[in-house]
Amino acid sequence: MGRGAPLSSALVRVIATYRADRSALDAVKRIHKLINTGHGQIVDADLSSYFDSVPHAELMRSVARRVVDGAMLHLIKMWLEAPVEETDERGNKHRSTRNRDEGRGTPQGSPLSPLLSNLYMRRFVLGWKKLGHEERWKAYIVNYADDLVICCRVRAERALAEMRTMMSKLKLTVNESKTRVCYLPEEKFDFLGYTFGRCYSMRRARRYHPRSGYSVSVELSATRPGVTKSGKIRGQWWKGSIGC
């Protein structure tokens, strides 16, 4: 099927989505660690309909670098272009061929969809490193599915501009209404159902600084339902919900 390694082995460490050795909580912990080591300028990015926007031609080129079996490549291409049938509230069935007609989008609901979407996101992550942005601004990407933040030490506005340029070249659309630069600790941002921002003690009725260097904590966000998790990060108690 491939060149001796599974597709999942091509994924870089920062991509945690739907992987056996990664979880959403790993992404949350990585952000918390970056913030507490001085990366307090955050590019809080949102991609418009990421799974529906992945271009087939560019995606298949990424797959072909790992898969040499022509029959398997043809099968993956057929799956990408397969019609989608949906049933409306009245029980009427509708068939859509949008993916085939527009040449983009990965049908959701199959294990293959997150794998392929991860593989395409890898192009952005590796490009960011190769262009020197990570080293130049100490700007580290943390990604989970279509949720994306870039934790920067300096020049987050420039990092945001470069991210827009790269996403345009990848034929992906940045949702400008939900994309911004957040400066901690004065501001807050949400990621995977967690809110990152200044601590506030209800018991003490005042703000306080956590033990680690930055005055930032991870706390429950009501913006996303899910399974409640609780634990401890760097001496602080946190509670949050990992969105489904």
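Taking a quarter of the surface of the convex hull around the Cα atoms of the range 20-91, what do you get in nm²? Intermediate values should be presented prior to the final figure.
Numbers: hull surface 36.5 nm².
Projected over every direction and averaged, the Cα hull of the range 20-91 covers 9.1 nm².
What number, in percent, do you get for the relative contact order of the range 70-162 if the mean sequence gap of Cα pairs under 8 Å and at least 6 apart is divided by its residue count? Before the final figure, lay out the partial values.
On the way: 77 pairs, mean separation 13.6, N = 93.
So the answer I get is 15 percent.
For residue 173, the residues whose amide H sits under 5 Å from its own are 48, ignoring neighbours fewer than 5 places away on the same chain, with H placed 1.01 Å from N. Protection proxy ranking of 134-147, 101-114, by the mean of other Cβ atoms within 10 Å over each peptide's residues and highest first, is 134-147, 101-114.
Over all other residues within a Cβ to Cβ distance under 14 Å of residue 177, the charged ones net out to 0, with Lys and Arg as +1 and Asp and Glu as -1. Net charge in the neighbourhood of residue 45 (other residues with Cβ under 12 Å of its Cβ; Lys, Arg +1, Asp, Glu -1) is -3. For the range 15-155, the ratio of Cα radius of gyration to the globular rule of thumb 2.2 N^0.38 Å stands at 1.24.
Specify, per residue and in Å³, the volume enclosed by the convex hull of the alpha carbon atoms belonging to the range 83-152. Intermediate results must be reported in sequence, preceding the final value.
Numbers: hull volume 7.9 nm³, N = 70.
Cα-based convex hull of the range 83-152, divided per residue, equals 113 Å³.
The value obtained for the range 114-165, namely the Cα convex hull volume divided by the number of residues, is 68 Å³ per residue. For the range 130-199, averaging the sequence separation of C-alpha pairs within contact (under 8 Å, six or more residues apart) and dividing by the residue count gives a relative contact order of 19 percent.
Dipole of the range 130-195, Cα-centred, from +1 at each Lys and Arg C-beta and -1 at each Asp and Glu C-beta, to the nearest 20 debye?
Values: 12 positive and 10 negative charges, 63 e Å.
It comes to approximately 300 debye.
In terms of accessible area, using a 1.4 Å probe and ignoring ligands and nucleic acids, 60, 78, 121 rank largest first as 78, 60, 121. Sparse packing (at most 13 other Cβ atoms within 10 Å of the Cβ) combined with a DSSP loop state is found for the following trypsin sites (Lys or Arg not before Pro) in the range 24-72: 65.
The values are calculated or read from the model by the stated rules, or taken from the named source; none is laboratory data. In this text, all values refer to a predicted model and were calculated from it rather than measured experimentally. Cβ: placed from backbone, ideal geometry, glycine included. Neighbour counts: every protein chain shown. Just the protein is used for accessible areas: all its heavy atoms, side chains included, with ligands, DNA and RNA removed. Shrake-Rupley method; radii C 1.70, N 1.55, O 1.52, S 1.80 Å.
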